[in-house]
């Protein structure tokens, strides 16, 4: 095993790119599993190795860790039945292929850090949600549950599995902020629906630190909520973003308009998950950004 080598699937996306850059800075040797070697080269030059198919991967024991973040963008297109199947296949089928590769290797990867999301809990209103909370079924819940189940199969072959249930990641190069900034900067932002739905967010810096901890700390396994300790309502989030940008929030988006515009995907912005990172806090993880205003100022007021 190369004690410094990390394999990342989805290494050119918003989260994967940030993780790749961090790991390179920290001296890890990074390999990215991607169908597009050109995209990898354009993003990272010769700093990483690119491999285009699971069949071309070396033995799983070559790597210190496998970080599985691949998946078609959940917000990128309206949810037709064809799109929903692609969202499932791009996550679950690739995870199954990675687990089969681990199973066929002479040595397992020591740890598989596999993507998931707080969508696994479903729409639960004001209820506090921890890693042990029951779920309410909808498309996102089924998607995340099946994704996690596929990843957990790697335990049978000797890999430690960490499931990172990611909330709304705040960073300056993508994610939910990239979609919200233009209307808010124009003074046209506002709450979505009644604004009472909970938004469980996390600063990109803390999300990256969680992944690094999962790679490095053998005691970590199973599901972890990757969300800041203080979720906020959509109304609070909108007010905070407008305040940090020094803009008014003038244009609330009615629920009916969101459903007309987004269809079933409107559940992503109208649904409510009030998620707490109970297991991370219990294991002593220290969040750098626990307050939304502080997180937004750090991202939006960088020199």
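Flag set for residue 6, criterion: assigned to a strand (DSSP E or B), under 19 Å from residue 205 (Cβ atoms) and either over 20 Å from the mean Cα position of the chain (by Cα) or modelled with pLDDT of 90 or more (or both).
Of the numbered criteria (1) closer than 26 Å to residue 142 by Cα; (2) out of contact with any helix residue (DSSP H, G or I) (no Cβ under 6 Å at 6 or more places or on another chain), the one residue 27 fails is (1). Given the structure, is residue 200 within 25 Å of residue 125 (Cα to Cα), surrounded by fewer than 20 Cβ atoms within 10 Å (Cβ to Cβ) and modelled with pLDDT of 95 or more? In short, no.
Here 23, 15 are screened, and the one residue that is over 25 Å from residue 93 (Cα atoms), buried (at least 23 other Cβ atoms within 10 Å of the Cβ) and touching a residue at least 12 places away in the same chain (Cβ under 8 Å) is 23.
Could you list all residues from segment 1-12 that are out of contact with any helix residue (DSSP H, G or I) (no Cβ under 7 Å at 6 or more places or on another chain) and surrounded by fewer than 17 Cβ atoms within 10 Å (Cβ to Cβ)? Explain how you work it out, then say what you get.
Let us first name the residues in segment 1-12 that are out of contact with any helix residue (DSSP H, G or I) (no Cβ under 7 Å at 6 or more places or on another chain), namely 3-4, 7.
Matches in segment 1-12: 3, 4.
Consider segment 26-77 and keep the residues that are out of contact with any strand residue (DSSP E or B) (no Cβ under 9 Å at 6 or more places or on another chain) and within 15 Å of residue 212 (Cβ to Cβ). The one that is surrounded by the fewest Cβ atoms within 10 Å (Cβ to Cβ) is 27.
None of 262, 270, 276, 280 is under 19 Å from residue 178 (Cβ atoms) and either surrounded by 14 or more Cβ atoms within 10 Å (Cβ to Cβ) or in contact with a helix residue (DSSP H, G or I) (Cβ under 8 Å, 6 or more places away or on another chain) (or both) except 262. On inspection, residue 183 does not qualify as buried (at least 16 other Cβ atoms within 10 Å of the Cβ) and under 19 Å from the mean Cα position of the chain (by Cα).
Of all residues being crowded, with 22+ Cβ neighbours inside 10 Å and touching a residue at least 60 places away in the same chain (Cβ under 8 Å) in segment 121-146, which is nearest to residue 99 (Cα to Cα)? Just the residue, please. Even if it seems obvious, please write down each step before you answer.
Let us first name the residues in segment 121-146 that are crowded, with 22+ Cβ neighbours inside 10 Å, namely 121-122, 129, 140, 144.
Retained after the next criterion (residues that are touching a residue at least 60 places away in the same chain (Cβ under 8 Å)): 121-122, 129, 140.
Values: 121: 24, 122: 26, 129: 29, 140: 22 Å.
By that ranking, first place goes to 140.
Looking at segment 120-131, which of the residues that are under 19 Å from the mean Cα position of the chain (by Cα) and assigned to a loop (DSSP other than H, G, I, E, B) is nearest to residue 196 (Cα to Cα)? Filtering first and then ranking leaves 123.
Identify all residues within segment 98-118 that are outside any helix (DSSP H, G or I) and surrounded by fewer than 16 Cβ atoms within 10 Å (Cβ to Cβ); write none if there are none. Working first, answer last.
From segment 98-118, those outside any helix (DSSP H, G or I) are 105-117; that's our starting set.
Once the filter is applied, which keeps residues that are outside any helix (DSSP H, G or I) and surrounded by fewer than 16 Cβ atoms within 10 Å (Cβ to Cβ), segment 98-118 yields 106, 107.
If you go through segment 262-283 and keep only what is part of a helix (DSSP H, G or I) and touching a strand residue (DSSP E or B) at 6+ places or on another chain (Cβ under 8 Å), you end up with 269, 270, 278, 279, 280. Checking each residue in segment 222-251 for being more than 21 Å from residue 169 (Cα to Cα) and surrounded by fewer than 18 Cβ atoms within 10 Å (Cβ to Cβ) picks out 246, 247, 248, 250, 251. Residues in segment 149-160 that are under 13 Å from residue 67 (Cα atoms) and surrounded by fewer than 22 Cβ atoms within 10 Å (Cβ to Cβ): 160 only. Of all the residues in segment 85-97, those that are more than 24 Å from residue 108 (Cα to Cα) and buried (at least 18 other Cβ atoms within 10 Å of the Cβ) number 1.
The values are calculated or read from the model by the stated rules, or taken from the named source; none is laboratory data. Only a predicted model underlies this, so the values are computations on that prediction, with no experimental measurement involved. So basically every Cβ, Gly included, is an ideal-geometry build from the backbone, and we count neighbours across all protein chains shown.
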